[in-house]
Amino acid sequence: MAKASEIKVGNILRVNKELVTVEEWNHRTPGKGGAFYTGKFRNIKTSRLVEARMNTDEVVEICRVETNDYQYLYEDGDYLVVMDNTSYEQFNVPKTLFGPSIKFLKEGMSILVAIESEEPIQASIPNFVEMEVVYSEPAVKGDTSTNALKAATVENDVEIKVPMFVNQGDRVKIDTRTGEYVERVK
């Protein structure tokens, strides 16, 4: 247990039996009355943002969370099977923890998983991935002077927008957070 004065941005707390991450935490000293803390907590499961106010002597539980790299092996229903790179132990991680970036996941990719009390609570793939363009329309002559984009399908059957000079067979770097083209990889 920790006092409100020991809470830092980024901590994961257990509040009302729910896991939350601290997004904002500020100390307030009004002209009248005692000091207190205000902040914003984001519920890990629902992603809902909740405003909080605590007295300086209130106590909360700061959770011990281990974050490690794991290798993605394969999909199994609503779960992904991942392997610990040191112990070779395999376990399941719910697909919902990855959010929309899961569509850029490839077998063998290294992913980050945060575990609290032997249960995965957060997961993410790398911010940037390299993929091969398996299909794209040929560029129309004269369209290259502007920042025109065309549709291209990458190896995971995901369609992204790429510049006109990108062709079928090229490797491209993609930002997994936004799904946008970053650059062509040589």
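A few comments on the model shown:
- Using equal-weight Cα scatterers in the Debye expression, the normalised intensity of the stretch 128-185 in log10 at q = 0.18, 0.23, 0.27, 0.28 Å⁻¹ is -0.53, -0.85, -1.12, -1.19.
- Efficiency of FRET between S117 and N55 - r from beta-carbon atoms, R0 22 angstrom, step 0.05: 0.20
- Subtracting the Cα-Cα distance of E66 and E183 from 0.36 nm times their residue separation leaves 38.8 nm of extension gain.
- Pairs of alpha carbons in the stretch 69-170 whose separation is greater than 20 Å (percent): 48
- Dipole magnitude (debye, nearest 20) for the chain, charges at Cβ of Lys, Arg, Asp, Glu: 900
- Difference of contour (0.36 nm per residue) and Cα-Cα distance, E23 to E107: 27.0 nm
- Relative contact order of the stretch 66-124, pairs being alpha-carbon contacts under 8 Å that are 6 or more residues apart, as %: 36
- Within the chain, longest stretch clear of exposed chymotrypsin sites (Phe, Trp or Tyr not before Pro) (DSSP loop, no more than 15 other Cβ within 10 Å): 1-87
- Its Kirkwood hydrodynamic radius, worked out from the mean inverse distance over all distinct Cα pairs, puts the stretch 66-124 at 11.3 Å.
- Global geometry of the chain, whether rounded, prolate or oblate, following the gyration tensor of its Cα atoms and the 1.5 cut on a/c: oblate
- Three-way shape label, the stretch 2-62, alpha-carbon gyration tensor, a/c 1.5: prolate
- Placing R0 at 35 angstrom, the Cβ-Cβ distance between T153 and S47 gives a FRET efficiency of 0.75 after rounding to 0.05.
The numbers here are math on the coordinates, done by the rules we state, and not lab data. All of these numbers come straight from a predicted model, not from anything done at the bench. No Cβ is skipped: glycine too gets one built from the backbone with ideal geometry, and neighbour counts run over all protein chains shown.
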